[in-house]
1. Taking a 29 Å limit on the Cα-Cα distance, which of the listed pairs Lys69/Lys121; Lys157/Lys236; Lys192/Lys228; Lys86/Lys157; Lys102/Lys235; Lys194/Lys269 fall beyond it?
2. Counting other Cβ atoms within 10 Å, which trypsin sites (Lys or Arg not before Pro) in segment 97-143 have at most 14 and lie in a DSSP loop?
3. What is the antiparallel percent of DSSP beta bridges lying wholly in segment 111-271, to the nearest 5?
4. How far apart, in nm, are two points set 7 Å out from the Cα along the Cα-to-Cβ line at Glu226 and at Gln47?
5. Choose one of Leu87, Gly152, Ala255: the residue whose Cα lies farthest towards the positive end of the charge dipole of the chain (beta-carbon charges +1 Lys, Arg; -1 Asp, Glu; about the Cα centre).
6. Between Phe37, Thr189, Thr172, whose Cα lies farthest towards the positive end of the dipole of the chain when Lys and Arg beta carbons carry +1 and Asp and Glu beta carbons carry -1, centred on the Cα centre?
7. Could you size up the charge dipole of the chain around its Cα centre, putting +1 on the beta carbon of Lys and Arg and -1 on that of Asp and Glu, and report it in debye to the nearest 20?
8. Take every DSSP beta bridge with both residues inside the chain and express the antiparallel ones as a percent of the total, to the nearest 5.
Amino acid sequence: MRNKREPKKDFKKDNKKDNRRDNREEREPVSLEDVVFGPYPTIEALQARRGNKLFIQEDLKSHRIEELKELSKEFSVPIVWAPKTKLDDMTNKENHQGIVLKITPYEYLSLEDLLTQTKQKENRFFLILDSIMDPHNLGSIMRTADAVNVDGIIIPKHRAVGITPVVVKTSTGAVEHVPVARVTNLSQTIKKLKEENIWIFGTDMTGTDYTHWNVAGDIALVIGNEGKGMSSALKKEMDEMITIPIDGHVQSLNASVAAGLLMYEVHRKRRK
């Protein structure tokens, strides 16, 4: 008896499926952990000697490009001229402005390292960020922190944004100048800071008006999460709560705006 004939295989359909799979794999998001992009973050990363390879969009010309070429030559970083589509793929279509730099990974400090390297300073000023999730907020906070000479930023390892390329770009390269310590437990960190005679201030809707804030000595300011604010566990550890009076209908400020106001208040009072 003859065997039933197997159905004829449609190789065209199979090839289409394979092509769709290949295209889908090509569109998979790439990791951004090893790049920075945009002119200012790239300049700062090159000067910090973290650059490995510089990609510049084909036919892009400006005085900034010439500066980047000189810096790349100075620090022996090879340059690759590439089409915009390649740079889009390398940055998941972020606004790279035609400049992408492959870098060595960002190195966080431990709390002990941060305290040791600032030990000789007077009137130290630290920021503690309680679960900030938006990279644009972190980048903006770091940009202001650099402007007012904050001595270091402390962030948790979990449930919070770290130093990403979006953070680097938003900070316009300030991440190369403001030390960042990454810790496992913020409550334990605050206890350690208190042992170092550092006063801990939190932010809340009720508390001391920030214009009456005594900023003398070594201090640390806690900025809470964008939606939930400071955790209840951390509030119990505060020496004092600071508030920014609000007279409008919306009874809260963006985390980076609130942090900026309070950082500049410390800066203003200390400059006197």
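The values are calculated or read from the model by the stated rules, or taken from the named source; none is laboratory data. Here the structure is a predicted model, which means the values were calculated and not measured. Heads up, the Cβs are rebuilt from the backbone with ideal geometry, glycines too, and the neighbour counts pull from every protein chain shown. Calculation scope for accessible area: heavy atoms of the full protein, side chains included, ligands and nucleic acids excluded. Shrake-Rupley method; radii C 1.70, N 1.55, O 1.52, S 1.80 Å.
1. Numbers: Lys69/Lys121 37 Å; Lys157/Lys236 21 Å; Lys192/Lys228 25 Å; Lys86/Lys157 32 Å; Lys102/Lys235 40 Å; Lys194/Lys269 23 Å.
Pairs exceeding the cut-off: Lys69/Lys121; Lys86/Lys157; Lys102/Lys235.
2. Numbers: sites: Lys102, Lys119, Lys121, Arg124, Arg143; in loops: Lys119, Lys121, Arg124.
Of the trypsin sites (Lys or Arg not before Pro), the ones in loops of segment 97-143 whose Cβ has at most 14 other Cβ atoms within 10 Å are Lys119, Lys121.
3. Numbers: 1 of 21 bridges.
For segment 111-271, the DSSP antiparallel bridge percentage is about 5.
4. It is 2.9 nm.
5. Going by the Cα projections, it comes out as Leu87.
6. Most positive-ward Cα: Phe37.
7. Working: 43 positive and 40 negative charges, 305 e Å.
It comes to approximately 1460 debye.
8. Values: 9 of 34 bridges.
Restricted to the chain, the bridges split so that about 25 percent are antiparallel.
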